[in-house]
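Working notes, structure below.
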Amino acid sequence: MSSSSATVGPKQPAVLQPPRFSLRQRVLLWLISWATYLAISLIGPTLRYSVSWEESPMPPDATHEVPVIYSFWHRAVFASAWLWRNSGIAVMVSRSFDGEYIARTLEKLGFVAVRGSSSRGGAKALLGLIRQLERGVSVVFAIDGPRGPKYVAKPGPVLLSRESGLPMAAFYVALSDAWVLNSWDALMIPKPFSKALVRVSAKMRVPAEAGDKEMANYHAQLQAALERVTLFAEENVKRIGSAEFGLIRD
């Protein structure tokens, strides 16, 4: 995945426009999205990142020469958003109130928000993600969102990989020191100057002719990859700064 220095073409509008909200909701959305953006902008520059790849040596498309369909757990959105800000990556967000403030925050950070979910606007959102991939832009799913269950991957990336012919992969960002919210996803807010270890899985490509049984198998592979990178990152995050896990300049 690319860092904040990545250059992308002109941003295209998402297929689905933001849903309508009441005046009170619009005020809250403005306040929450700006507060979240400011928190990320203040804490983000203090974080010390390292990126580790299952594929060794580092894959040649690590800087998005080939778009990839990424998945990660919802709880790691804070540290992920700062590391890949201004990259133009497309992110699937739900068409709920919570999803909307996340979408607005991500747009402030230079992402493309594609609104939709498995229950609301899913088909149009899938089309929007395919269009982003066709532009050469990677896409990301907070795969257990918008409301869980926690650590259970939804099948969207598997379907998108089959329809687009592009590979999918999983990543996780572990933090050495964080506030963990009492929310459904146990959202992590990194404490200033925390270490952040990003672990990225090997890529998986779903063939266009995959049937139901094969799709279920790839879905299980994605779940296993998410669990694997999560365990690796959590076990090694405090080793950042060693010879194996050097710091990156962001």
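Remarks
- Qualifying residue in the range 148-155 (condition: open to solvent by 20 Å² or more (accessible area, probe 1.4 Å), in contact (Cβ under 8 Å) with a residue 24 or more places away in the chain and aromatic (F, W, Y)): yes
- Residues of the range 165-183 classified as open to solvent by 40 Å² or more (accessible area, probe 1.4 Å) and within 20 Å of A35 (Cβ to Cβ), total: 5
- Checking each residue in the range 123-153 for being charged (D, E, K, R) and under 20 Å from A81 (Cβ atoms) picks out D144, R147, K150.
- The one condition in (1) open to solvent by 20 Å² or more (accessible area, probe 1.4 Å); (2) closer than 30 Å to T46 by Cβ; (3) modelled with pLDDT of 95 or more that R162 fails to fulfil: (2)
- Residue count, the range 85-99 (criterion: at pLDDT 90 or above and open to solvent by less than 30 Å² (accessible area, probe 1.4 Å)): 5
- Listed conditions (1) modelled with pLDDT of 80 or more; (2) open to solvent by 40 Å² or more (accessible area, probe 1.4 Å); (3) touching a strand residue (DSSP E or B) at 6+ places or on another chain (Cβ under 9 Å) are all met by A39, apart from (2).
- Here Q221 fulfils each of the conditions (1) among the polar types (S, T, N, Q); (2) in a helix (DSSP H, G or I); (3) within 14 Å of S52 (Cα to Cα) apart from (3).
- Looking only at residues in the range 51-80 that are part of a loop (DSSP other than H, G, I, E, B) and surrounded by 17 or more Cβ atoms within 10 Å (Cβ to Cβ), the one that is modelled with the lowest pLDDT is H64.
- Among the residues of the range 175-190, just one is under 15 Å from T230 (Cβ atoms) and in contact with an Asp or Glu (Cβ under 8 Å, 6 or more places away or on another chain), namely D185.
- E234 vs. criteria surrounded by fewer than 14 Cβ atoms within 10 Å (Cβ to Cβ) and acidic (D, E): no
- Among the residues of the range 91-118, those identified as out of contact with any Asp or Glu (no Cβ under 9 Å at 6 or more places or on another chain) and assigned to a loop (DSSP other than H, G, I, E, B) are R95, S96, L109, G110, F111, G116, S117, S118.
- Entry remark, the range 122-156: residues being touching a helix residue (DSSP H, G or I) at 6+ places or on another chain (Cβ under 7 Å) and assigned to a helix (DSSP H, G or I) number 4 in total.
- Qualifying residue in the range 208-219 (condition: surrounded by 21 or more Cβ atoms within 10 Å (Cβ to Cβ), touching a residue at least 40 places away in the same chain (Cβ under 8 Å) and not hydroxyl-bearing (S, T, Y)): no
The values are calculated or read from the model by the stated rules, or taken from the named source; none is laboratory data. Everything numeric in this text was worked out from a predicted model, so none of it was measured. Here Cβ is always computed from backbone atoms with ideal geometry, including for glycine, and neighbour counts include all displayed protein chains. Quick note on the areas: whole protein, heavy atoms, side chains included, nothing else; ligands and nucleic acids left out. Shrake-Rupley method; radii C 1.70, N 1.55, O 1.52, S 1.80 Å.
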